[in-house]
Amino acid sequence: PSYERLLDAQRTMVSYDARHALAHERLAHSGMLSPRLIARIAHSDGVDVHEYLRIGREVAQARCRAGELFTGLDALIYPAADGEAEAGLDDSGSPRYGALWTLLHLPEVAFPIARGPSGLPLGLQLIGPQYGDLGLLAAAHATRQWADPA
């Protein structure tokens, strides 16, 4: 839970970065931005540089502590999505399930392990310790042996 509360910090940092990276587009061509992008950028309304840097320090401290998640473990199991995959190609689902691990700079691999009620894939993620990419891939290979997404 202490790590999952960083999800809002991740969302704020991405929003703040997008607000500044897309300043020209936002100010000169706002009518051409998608409603989804406008909403994403709006999440950082009222966030000043002091708050952004405070969040950055909190995230950096969490990255330093992230190794504690793997005491005695090769990998963590975490959902890949809320349920089965979205139908069609219009939406790839919520980024919520990968955002935390990306924020913490931890390697992750997601793969289908079964089919849901609509016949679409159900996925799972394995998360490894920082710089544990090769061990994570070995754990994913071993886990994949029992998974049957067919």
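Taking residues in the range 1-19 that are without any contact (Cβ under 8 Å) to a residue 40 or more places away in the chain and closer than 15 Å to residue 49 by Cα, and partners anywhere that are open to solvent by less than 60 Å² (accessible area, probe 1.4 Å) and in a helix (DSSP H, G or I), the pairs with Cβ atoms closer than 6 Å and at least 6 places apart or on different chains are 15/41; 16/52; 18/41; 19/41.
Being among the β-branched types (Val, Ile, Thr) and open to solvent by 40 Å² or more (accessible area, probe 1.4 Å) is the filter; apply it to the range 99-150 and report the residue that is nearest to residue 73 (Cα to Cα). Walk me through how you get there before you give the answer.
Going through the range 99-150, the residues among the β-branched types (Val, Ile, Thr) turn out to be 102, 109, 113, 127, 143.
Those left that are additionally open to solvent by 40 Å² or more (accessible area, probe 1.4 Å): 102, 113.
Values: 102: 19, 113: 21 Å.
Looking at residues that are among the β-branched types (Val, Ile, Thr) and open to solvent by 40 Å² or more (accessible area, probe 1.4 Å), I get 102.
What's the total number of residues in the range 112-139 that are in a strand (DSSP E or B) and closer than 14 Å to residue 86 by Cα? Residues in the range 112-139 being in a strand (DSSP E or B) and closer than 14 Å to residue 86 by Cα: 5 in total. Of all residue pairs spaced 6 or more apart or on separate chains, those with beta-carbon atoms under 7 Å, a first member in the range 120-133 that is acidic (Asp, Glu) and a second member that is open to solvent by 10 Å² or more (accessible area, probe 1.4 Å) are 133/107.
Go through the range 65-90 residue by residue and tally those that are closer than 17 Å to residue 7 by Cα and surrounded by 11 or more Cβ atoms within 10 Å (Cβ to Cβ).
Of all residues in the range 65-90, those closer than 17 Å to residue 7 by Cα come to 65-66, 69, 78-82.
Subsequent filtering for residues that are surrounded by 11 or more Cβ atoms within 10 Å (Cβ to Cβ) retains 65-66, 69, 78-81.
The total comes to 7.
Checking each residue in the range 1-44 for being more than 24 Å from residue 104 (Cα to Cα), outside any helix (DSSP H, G or I) and open to solvent by 80 Å² or more (accessible area, probe 1.4 Å) picks out only 29.
The values are calculated or read from the model by the stated rules, or taken from the named source; none is laboratory data. Please read these numbers as outputs of a predicted model, since none were measured by experiment. Virtual Cβ from ideal backbone geometry, glycine too; neighbours counted across all protein chains shown. Accessible surface is based on the protein model in full, side chains and every heavy atom, while ligands, DNA and RNA are left aside. Shrake-Rupley method; radii C 1.70, N 1.55, O 1.52, S 1.80 Å.
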